[in-house]
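Contents: one structure, followed by commentary.
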């Protein structure tokens, strides 16, 4: 099963893409969809303030992941 190994943030610091262990670069929406379907391990989809978000299972934030660019 794939996992997240890196990410890409925009100039505001928002995550816009993830890099998977298989080398795929996927959008935040695609990662959210795949997390909901159980296709990516190590992240989970949660609902916050009526909006679906991703969080890593092992920590409070994605800060420990390297930036793609």
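The residues listed here are 46, 26; of these, the one that is assigned to a strand (DSSP E or B), touching a strand residue (DSSP E or B) at 6+ places or on another chain (Cβ under 7 Å) and loosely packed, with under 13 Cβ neighbours inside 10 Å is 46. Just to be sure, is residue 59 assigned to a loop (DSSP other than H, G, I, E, B) and surrounded by 10 or more Cβ atoms within 10 Å (Cβ to Cβ)? So residue 59 passes the test. I'm trying to understand the selection: among the residues of the stretch 2-21, which are part of a loop (DSSP other than H, G, I, E, B) and surrounded by 10 or more Cβ atoms within 10 Å (Cβ to Cβ)? Correct list: 21 only.
Any read-out appearing in this document is the output of simple, stated calculations on the displayed coordinates, not a laboratory observation. Remember, it's a predicted structure, so these values are computed and weren't measured experimentally. Positions of Cβ are backbone-derived with ideal geometry, glycine not excepted, and every protein chain shown enters the neighbour counts.
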